[in-house]
Amino acid sequence: MFVTNPIAIIGENEAAEILEKKGFRILERNWRMGHLELDLIAENRKEIVFAEVKARTSAFSNKMPEEYVDEIKRKHMVAAANAYIKYHKIEKQPRFDIIGIIIDAQTNEITYKNHLENAFLPQTRTISSGSFSGKWRWFHRTKR
């Protein structure tokens, strides 16, 4: 989705800065393929990072922004990352990060930021024989 929400723009800019300060180079912002989207894609010499950015103006129901990345969003991130890796023939180790940011709605100042590195790992699951025989898994190119 094209980001026009000022809070989201501030959040993604801050998240990109966080990754750059840790030695990563931003490759893509809001990368899309079909219905799949990744907020930030960054790399260093060893890894490629797929980051989900959650920017809010406050913590809702005592939940911090990064806690809103549910299992469905994680599955979509994995599918999008898999598509990106295949399309660009990436051979680096993938990593999934979540970056939560709270921004003061009046001043647009960042009051909270939390970078969860390796927030989750892709899961492998068996698909029923009714859909197709075999396994669905994390497809990552490795040298053989």
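The values are calculated or read from the model by the stated rules, or taken from the named source; none is laboratory data. Remember, it's a predicted structure, so these values are computed and weren't measured experimentally. In case anyone asks, the SASA skips ligands and DNA or RNA and just uses the protein heavy atoms, side chains included. Shrake-Rupley method; radii C 1.70, N 1.55, O 1.52, S 1.80 Å.
Can you work out ³J(HN,Hα) from phi for every residue in the range 21-28, in order, using Karplus 6.51 cos²θ - 1.76 cosθ + 1.60 and θ = phi - 60°, giving whole Hz and x for Gly and Pro?
Per-residue couplings from phi come out as 5, 8, x, 9, 10, 6, 9, 8 Hz.
Starting from the Cα of K75, draw a straight line to each of the lysines and keep only those under 27 Å, dropping any in the same chain fewer than 8 residues away.
Partners found: K22, K46, K54, K63, K86, K89, K92, K113, K135, K143.
Could you give the length gained by full extension between Q123 and N13, i.e. 0.36 nm per residue of separation minus their alpha carbon distance, to one decimal place? All intermediate terms of the calculation are to be shown ahead of the outcome.
Details: separation 110, 0.36 × 110 = 39.60 nm, distance 2.94 nm.
Computed gain between Q123 and N13 is 36.7 nm.
What residues have an amide H closer than 5 Å to that of V69, excluding those fewer than 5 places away on the same chain, when H is modeled at 1.01 Å from N in the peptide plane?
Residues meeting the amide H criterion: none.
Averaging over every viewing direction, what projected area does the convex hull of the Cα atoms of the range 20-104 cover, in nm²?
6.2 nm²
Ordering T111, T57 by how much accessible area each has at a 1.4 Å probe, largest first, what is the list?
Numbers: T111 95, T57 60 Å².
These residues rank, largest area first, as T111, T57.
Suppose accessible area is computed on protein heavy atoms with a 1.4 Å probe; arrange M77, M33 from highest to lowest. Don't jump to the answer; show the numbers that get you there.
Working: M77 0, M33 80 Å².
Largest to smallest exposure gives the sequence M33, M77.
Considering only protein heavy atoms, with the full assembly of protein chains and a 1.4 angstrom probe, order R74, R25, R32, R45 by accessible area, largest first.
Ranked list, largest accessible area first: R45, R25, R32, R74.
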